[in-house]
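Quick notes on the structure that follows.
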Amino acid sequence: MRTAASDPAKERRAELAEFLRARRADLHPGDLGLDSYSLRRNTPGLRREEVAAAAGVSLTWYTRLEQGQPGTPSIQVIDAIARTLRLDEESHRHLRRLAGLPAPEDDQMTGDVDPQLTRLLLAIEPAPACLLDLHFDFVAWNQPFDRLWDPGSLPAGRCNLMWLYFADGTATAAVIGREERGRHLLAQFHEVAAEHPGDPRFAEIVDELTEHSEQFRTWWPKRRVEQALTTQIALRRPHVGVIRLDVTELKVAAYPSLTLCVQVPHRDVDQKKVRELLGAT
């Protein structure tokens, strides 16, 4: 029974901390594809740093959650942790409640990508297309997008459009006018990040890119903002030459945190070049 001096928010944070620790103890390194034969473990389950890395969340922020410290995690952070801990629908809903957030079905999908969205990505082919979340993290993509941009090669926790463009650079090196395109992309990212002050995922992305990208480090303090617009990009690929793509970004009404990014070949010749890259006849 609560006393007059009890603090409901503090109690909820304590319950959240216990729930996370218990679910972390339920998993093994192999569940995340980690090798553990050379690691001595004094306690069962995953380590905090393993959960944080797999979820793409800063270790500091995840530790605060497990220690019951004050703070309001974003929906994206909690959902990423839920996926990492392999929570079922009811446990995911419970985690949202403990974090003071709405139930998953109220605003966005949970766990795996909605099958309808997966089919949509397939139906859009041969146009490259992907789904991005609020933080510009890649959620899903089709084969043409994979062939052009290879997001699956990005490190765990860094499968992010900003990381692809500013820190990895392998795929985006083919973009004609790469610097100007990067400035527009960074301005869009800044616009969204500014709308979510205190969001730990945005802070983590900014901190990591500031450390790893001189270009990002130079441009970020300029505070340029810009809303996403329909635009065109061109890239030069071996054997097929220049491919021009009309880029359109659409919000997914059923899941407001998701953006569908479609890169439609500008002309028939561009579509032919995309098909050639896919090995289509």
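Rule-based calculations on the coordinates, nothing more; no lab input. The model shown is predicted, which means the values in this text are computed figures rather than measured ones. Every residue, glycine as well, gets a Cβ built from its backbone with ideal geometry; the counts of neighbours run over all protein chains shown.
Here are the numbers for the structure shown:
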| item | result |
| --- | --- |
| Length-normalised contact order of the chain in % [C-alpha pairs under 8 Å, at least 6 apart] | 16 percent |
| Label zone at Glu191 (point 7 Å along Cα-to-Cβ), backbone N below 18 Å, the stretch 132-154 | 132-137 |
| Hull volume in cubic angstrom per residue (convex hull over the Cα atoms of the chain) | 163 Å³ |
| Cβ crowding within 10 Å averaged over residues, with 50-59, 64-73 ranked highest first | 50-59, 64-73 |
| Gained length - Ser91 relative to Ala253, 0.36 nm times residue gap less alpha-carbon distance | 55.8 nm |
| Phi to ³J(HN,Hα) by Karplus 6.51 cos²θ - 1.76 cosθ + 1.60 over the stretch 129-137, Hz, x for Gly, Pro | 8, 8, 10, 10, 8, 4, 8, 6, 6 |
| 14 Å tail of the calculated P(r), the stretch 198-281, as % of Cα pairs | 75 percent |
| Pairs of Cα atoms farther than 18 Å apart, the stretch 115-278, % | 59 percent |
| Helix-only [θ]222 nm of the chain, DSSP H runs n ≥ 4, -39500 (n - 2.57) each, per residue, nearest 500 | -13000 deg cm²/dmol |
